[in-house]
Amino acid sequence: MNFDCSTVEPGDRTRCTNNAGVSKFKFQSGKTHRLRLINSGADGVQRFSIDGHTFTVIANDFTPIVPYNTTVVTLGVGQRSDVLVTANAGDSRSAFWMRSNITACTPAKQPSAVAAVYYEDADTNRPPTSTAWNVADPGTCTNDDLSITKPVFPMPVPAPTFLQTMEIELFKNSSDITLWKFNGVSMRANFNHPILLQANEGNFTFEKEWNVLNFYSNSSVRLVVVNKTPGP
């Protein structure tokens, strides 16, 4: 969408275009549309909404769930949600803002982004004038309450044969760069030697910085992740 290029960090030579324009989507009045949402960012919890429209959430991370309605969908990093939305918030000439906002718990140069949704007879040369849902940003890094997401086909979890505790930490390296540390290791992947490919080829020798754990013949493993990073 439109990005304020004056906020780009000094020294960053990535191409930036002011007033690039917003994406435009077409809805058909009275029809139900299926949207597949993904937070493709590496940092930041995303809140997705369309002014005046209610979503029916039907799946999370490819897992069908008991449908529930909401006006704002929260997506953690890498999370996916499938939602149904019916174009019934106006007549055929209506237009609405689609919003994708990063929550207040994550610093961002421009945390609020929009796209335009036009019904079939709307003037696509005119921006929408709709108003956002009055749903306050909770100011946390948390997902939507898991108690409202119930799988359609629950699967019993077996008793673990191995328990592994891992800690997540932030630290600065000798170059004063902030990095993540997981289980005491700041991972450095070698994309020329994919770990799964090596394992399939019978090569189980991995560099320490790849942060590979071998659980051998354990049939089920429980991971306890302790987040030691600062947060609200």
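The values are calculated or read from the model by the stated rules, or taken from the named source; none is laboratory data. Note that the structure is predicted; figures quoted are calculated from it, not measured. Methodologically, a virtual Cβ is constructed for each residue, glycine included, from the backbone with ideal geometry; neighbour enumeration extends over all protein chains shown.
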Inset, instruction - Would you mind telling me which numbered condition in (1) over 21 Å from Arg80 (Cα atoms); (2) hydroxyl-bearing (Ser, Thr, Tyr); (3) touching a Ser or Thr at 6+ places or on another chain (Cβ under 9 Å) Thr32 fails? - result: (1)
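Name the residues in segment 166-200 that are part of a loop (DSSP other than H, G, I, E, B) and under 19 Å from Leu213 (Cβ atoms), would you? Break it down stepwise before answering.
Taking segment 166-200 as the starting set, the residues that turn out to be part of a loop (DSSP other than H, G, I, E, B) are 173-177, 183-184, 186-194.
Hits for segment 166-200 are Asn183, Gly184, Ser186, Met187, Arg188, Ala189, Asn190, His193, Pro194.
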Inset, instruction - Go over the candidates Ala132, Ala136, Ala159 one by one and state the one that is in contact with a Phe, Trp or Tyr (Cβ under 9 Å, 6 or more places away or on another chain) and assigned to a loop (DSSP other than H, G, I, E, B). - result: Ala132
Inset, instruction - From the list Ala113, Ala95, pick out the single residue that is modelled with pLDDT of 95 or more and out of contact with any Cys (no Cβ under 9 Å at 6 or more places or on another chain). - result: Ala95
Legend entry - Residues being exposed (fewer than 10 other Cβ atoms within 10 Å of the Cβ) and under 14 Å from Val72 (Cα atoms) - total across segment 115-138: 2
Inset, instruction - Exactly one condition in (1) touching a Phe, Trp or Tyr at 6+ places or on another chain (Cβ under 7 Å); (2) outside the structural domain of Thr106 (by TED's automatic domain parsing); (3) modelled with pLDDT of 90 or more is not met by Asn200; state its number. - result: (1)
Inset, instruction - Exactly one condition in (1) at negative phi; (2) exposed (fewer than 14 other Cβ atoms within 10 Å of the Cβ); (3) at pLDDT below 95; (4) not hydrophobic (A, V, I, L, M, F, W, C) is not met by Gln46; state its number. - result: (2)
Inset, instruction - Would you mention how many residues in segment 51-95 are surrounded by fewer than 17 Cβ atoms within 10 Å (Cβ to Cβ) and among the charged types (D, E, K, R)? - result: 4
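Suppose we filter segment 191-216 for residues that are at negative phi and of a type in the set (Ser, Thr, Tyr); how many remain?
Keep residues of segment 191-216 that are at negative phi, which gives 191-201, 203-210, 212-215.
Then drop every residue that is not of a type in the set (Ser, Thr, Tyr), which leaves 205.
Going through segment 191-216 one residue at a time, the tally reaches 1.
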Inset, instruction - Any chance you could count how many residues in segment 214-232 are exposed (fewer than 11 other Cβ atoms within 10 Å of the Cβ) and in a loop (DSSP other than H, G, I, E, B)? - result: 8
